[in-house]
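J.: Right, I'll just put the structure down here and ask away after.
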Amino acid sequence: MYEEASGQAISLPKSEIFYSRNVQQQTQNSITNILAVQAVLGTGKYLGLPSMVGRSKKATFSFIKDRVWQRINSWSSKCLSKAGREVMIKSVLQSMPSYVMSIFRLPNNLLDEIEKMMNAFWWDHGGANNKGMHWLSWDKLSVHKNHGGMGFKDLAAFNVAMLGKQGWKFQTEPDTLVAKVFKAKYFPHSNYLGSRLGHNPSFVWRSIFSAKVVVRHGTRWSIGDGFGIPIIGDPWIGTGLSIPVTSPVATQLQRYSVGHLIHQGTKMWNEEVVRSIFEAETAQQILDKPLFPQVNVNRSVWKAKKNGHYSVRSAYRLCMEEIVDNSHMRKEEFWCGIWKLKIPPKIKNMVWRVCCECLPTQVRLNRRGVNCPSSCVLCNDPHEDSYHMFFHCGTAVGVWRTAGLWHLIEPLLQRYDDAPEIIFHLLENSVQVQAELFATLLWSIWKSRNLRLWQNVNETNSNIVARAKHLIEDWRFANRKQLMRESQQQNTAAVTLSYAQQGTVSRPGVCRWQRPAHGRFMCNIDASFLVSTNKLGLGMCIRDEEGCFVLAKTMWFSPVCLVDIGEALGLYHAVRWVHD
Ligand SMILES: [Zn+2]
């Protein structure tokens with residue numbers, strides 16, 4: 001039957017069968033004989049996934065950890081910079097478990113171990129005396145780059161975001177075979193969002209079920225006829241609010257759906273009913289939700305993305321921002337000032353380390369328990385921390401003077417007493433070219449200090465400045481094509497802006513009306529939003545190639561809605577109007 005339906009032949013020698021322990025040996029034998037395939041113990045893999053998940057999840061999935069470990073080892077001989085390691089982690093290591101994570105919720109202790117391995121790989125300097133020291137935990141590294149982290153992945157959150165995709169499919173594509181199977185077994189009387197874990201769940205269902213909290217968080221209903229959307233507990237109000245199951249009306253409304261609150265003929269809220277059931281505030285929220293006659297079918301919309309479709313990336317962001325909530329680890333400084341510089345990545349990484357206070361200066365190493373002198377290798381000052389090395393040491397001051405930046409730095413020494421503050425201030429308040437030179441000089445000073453410490457090389461201030469300038473020039477030359485493209489894009493934007501400013505409309509960014517091509521008409525549309533009267537106004541106007549008025553129309557709707565919805569409605573009605 002399978003062969004007839006699919007047009008594919010079954011290869012019997014490659015096929016296997018395994019039995020539950022409850023099947024008697026005799027029955028097993030006869031089935032095996034009839035099918036003429038090999039009986040196995042069921043511990044193999046199918047399509048790269050374990051076909052049986054036993055009691056110890058960690059043992060079942062430890063092969064992922066082994067693979068990550070092998071990959072890291074294969075790189076250990078290569079001398080990778082921090083920037084190189086960043087690329088390896090982001091493009092290779094983090095994505096190794098993703099296939100398995102799209103089906104299974106991996107145990108937290110296994111994910112922890114994988115994160116620890118990646119963290120060790122990131123910090124390993126290979127040969128220096130601080131080998132193996134982890135200056136920041138993975139949690140802190142997984143904060144977004146603009147908030148002080150490195151933007152590495154929190155694997156547990158990523159796992160949930162991947163599983164959410166399956167849950168989202170159960171919710172939005174209930175007619176697929178896999179959705180039907182799961183529905184029949186685990187949520188025959190509700191949808192995925194309303195499902196319960198149930199009795200004796202399989203590991204796969206347990207995994208996908210665990211992502212419900214994220215899917216639930218990112219979903220809102222787009223209301224068609226409203227029947228089938230439970231009034232209680234589902235996110236159908238506003239942009240994804242729901243009436244909690246704990247609310248006083250919950251028990252009476254348990255069996256009713258949103259459709260019962262709508263005049264189906266006109267597709268308007270039944271205001272009388274809504275106001276009689278709900279307290280004033282909730283009622284108003286409901287009545288303020290616009291209903292659109294052109295939406296016929298109830299549909300789950302993914303609110304974390306503009307196009308309404310689930311994406312793992314947006315679900316991950318939602319997880320990190322709202323569910324895991326790593327806000328306490330975010331540091332609100334001018335981090336993007338580092339990352340947007342057009343200089344070699346290794347320099348940006350080094351500046352980032354200074355600002356995270358994890359550059360291995362003598363004082364830092366002392367604090368981490370390394371037994372070494374705390375004095376500056378360049379001037380013997382007893383306290384070599386990043387503030388001294390970059391802004392106080394005679395060498396540094398000489399370098400800033402030679403490079404012509406001292407007048408910017410000197411006044412800041414009175415205001416700030418640690419290096420990150422000065423760096424952020426300068427990055428935020430200098431022009432791009434200056435900021436780039438400044439960052440590269442920080443790197444060059446650090447380089448010079450290391451040369452003295454490890455190879456006993458003495459450099460002059462002009463050596464240090466020249467190295468930085470050469471590095472910037474070389475890098476710009478190597479990346480000239482991309483830089484040119486970027487600056488062209490910026491120029492185009494600037495030209496558009498200035499063109500608009502010359503026109504009759506003085507608001508920046510607004511273009512002047514342009515004539516349509518010969519023999520054509522142009523229809524312009526605008527929407528206005530009157531919050532005080534709770535109305536949305538639409539205006540549309542058709543003009544010919546000479547700019548002469550042809551036809552116009554205004555419409556209004558209540559309640560008022562979000563700006564992009566209003567503009568979209570404007571387009572919709574204009575197209576219908578032109579069509580008529
Ligand atoms: Zn010094």
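The values are calculated or read from the model by the stated rules, or taken from the named source; none is laboratory data. Keep in mind that what you see is a predicted model, and the values were worked out from it rather than measured. Here Cβ is always computed from backbone atoms with ideal geometry, including for glycine, and neighbour counts include all displayed protein chains.
J.: Has the range 505-512 got any residue that is at pLDDT below 85, farther than 30 Å from LEU291 by Cβ, under 33 Å from the mean Cα position of the chain (by Cα) and of a type in the set (Val, Ile, Thr)?
T.: Within the range 505-512, one or more residues are at pLDDT below 85, farther than 30 Å from LEU291 by Cβ, under 33 Å from the mean Cα position of the chain (by Cα) and of a type in the set (Val, Ile, Thr).
J.: Please identify the pairs in which a residue from the range 189-215 that is under 17 Å from PRO174 (Cβ atoms) and in the same structural domain as SER300 (by TED's automatic domain parsing) has its Cβ atom under 6 Å from the Cβ atom of a residue that is of a type outside the set (D, E, K, R) and part of a loop (DSSP other than H, G, I, E, B), counting only partners at least 6 apart or on another chain.
T.: Once the first residue is under 17 Å from PRO174 (Cβ atoms) and in the same structural domain as SER300 (by TED's automatic domain parsing) and sits in the range 189-215, its partners that are of a type outside the set (D, E, K, R) and part of a loop (DSSP other than H, G, I, E, B) give SER195/PHE187; PHE209/LEU197.
J.: On the basis of being more than 30 Å from the chain's Cα centre (by Cα), within 15 Å of the ligand (Cβ to nearest atom) and under 23 Å from TRP123 (Cα atoms), does THR395 make the cut?
T.: Values: more than 30 Å from the chain's Cα centre (by Cα): yes; within 15 Å of the ligand (Cβ to nearest atom): yes; under 23 Å from TRP123 (Cα atoms): no.
No: the conditions fail for THR395.
J.: Every residue in the range 201-247 that is of a type in the set (Val, Ile, Thr), assigned to a loop (DSSP other than H, G, I, E, B) and surrounded by fewer than 16 Cβ atoms within 10 Å (Cβ to Cβ), please.
T.: Going residue by residue through the range 201-247, those that are of a type in the set (Val, Ile, Thr) are 204, 208, 213-215, 219, 223, 229, 231-232, 237, 239, 243, 245-246.
Cutting the leftovers down to assigned to a loop (DSSP other than H, G, I, E, B) gives us 223, 229, 231, 239, 245-246.
Result: THR239, VAL245, THR246.
J.: For ASP288, which of the numbered conditions (1) within 16 Å of GLY194 (Cα to Cα); (2) out of contact with any helix residue (DSSP H, G or I) (no Cβ under 8 Å at 6 or more places or on another chain); (3) surrounded by fewer than 17 Cβ atoms within 10 Å (Cβ to Cβ) fails to hold?
T.: Going through (1) within 16 Å of GLY194 (Cα to Cα); (2) out of contact with any helix residue (DSSP H, G or I) (no Cβ under 8 Å at 6 or more places or on another chain); (3) surrounded by fewer than 17 Cβ atoms within 10 Å (Cβ to Cβ) one by one, ASP288 breaks only (1).
J.: In addition: Tell me, yes or no, whether the range 366-373 has at least one residue that is assigned by TED's automatic domain parsing to the domain that holds LEU426, within 15 Å of the ligand (Cβ to nearest atom) and modelled with pLDDT under 90.
T.: yes
J.: Residues of the range 354-365 being of a type in the set (A, V, I, L, M) and away from the ligand (no atom under 15 Å from the Cβ), which ones? If you could, list the steps in order and put the result at the bottom.
T.: Here is the first cut: in the range 354-365, the residues of a type in the set (A, V, I, L, M) are 354, 359, 363, 365.
Across the range 354-365, the qualifying residues are VAL354, LEU365.
J.: Can you list residue pairs whose Cβ atoms sit under 7 Å apart, with the first residue in the range 2-16 being under 18 Å from LYS45 (Cα atoms) and the second being polar (S, T, N, Q)? Count only pairs 6 or more apart in sequence or on different chains.
T.: Close Cβ pairs (under 7 Å, with a partner that is polar (S, T, N, Q)) amount to GLU16/GLN38.
J.: Does PHE390 satisfy being within 16 Å of the ligand (Cβ to nearest atom) and not in a loop (DSSP other than H, G, I, E, B)?
T.: On the way: within 16 Å of the ligand (Cβ to nearest atom): yes; not in a loop (DSSP other than H, G, I, E, B): yes.
In short, yes.
J.: Considering only helices (runs of 4 or more DSSP H) fully contained in the range 1-76, which possess at least 2 residues that are surrounded by 11 or more Cβ atoms within 10 Å (Cβ to Cβ) and at pLDDT 80 or above?
T.: On the way: elements: 2-6, 25-35, 57-75.
Correct list: 25-35, 57-75.
J.: Going by what's in this entry, would LEU441 be described as within 24 Å of CYS376 (Cα to Cα) and at pLDDT 95 or above? Step through it out loud before you land on a result.
T.: On the way: within 24 Å of CYS376 (Cα to Cα): yes; at pLDDT 95 or above: yes.
Taking the combined requirement at face value, the residue satisfies it.
J.: Taking the range 407-446 only, how many residues are away from the ligand (no atom under 16 Å from the Cβ), of a type outside the set (Asp, Glu) and either in a loop (DSSP other than H, G, I, E, B) or under 21 Å from LYS469 (Cβ atoms) (or both)?
T.: Of the residues in the range 407-446, 17 are away from the ligand (no atom under 16 Å from the Cβ), of a type outside the set (Asp, Glu) and either in a loop (DSSP other than H, G, I, E, B) or under 21 Å from LYS469 (Cβ atoms) (or both).
J.: Might you let me know whether the range 418-429 holds any residue that is over 19 Å from SER386 (Cβ atoms) and at pLDDT below 95? Outline the logic, then answer.
T.: The initial filter retains those residues of the range 418-429 that are over 19 Å from SER386 (Cβ atoms), namely 429.
Filter again for at pLDDT below 95, leaving 429.
Yes: the range 418-429 contains one or more residues that are over 19 Å from SER386 (Cβ atoms) and at pLDDT below 95.
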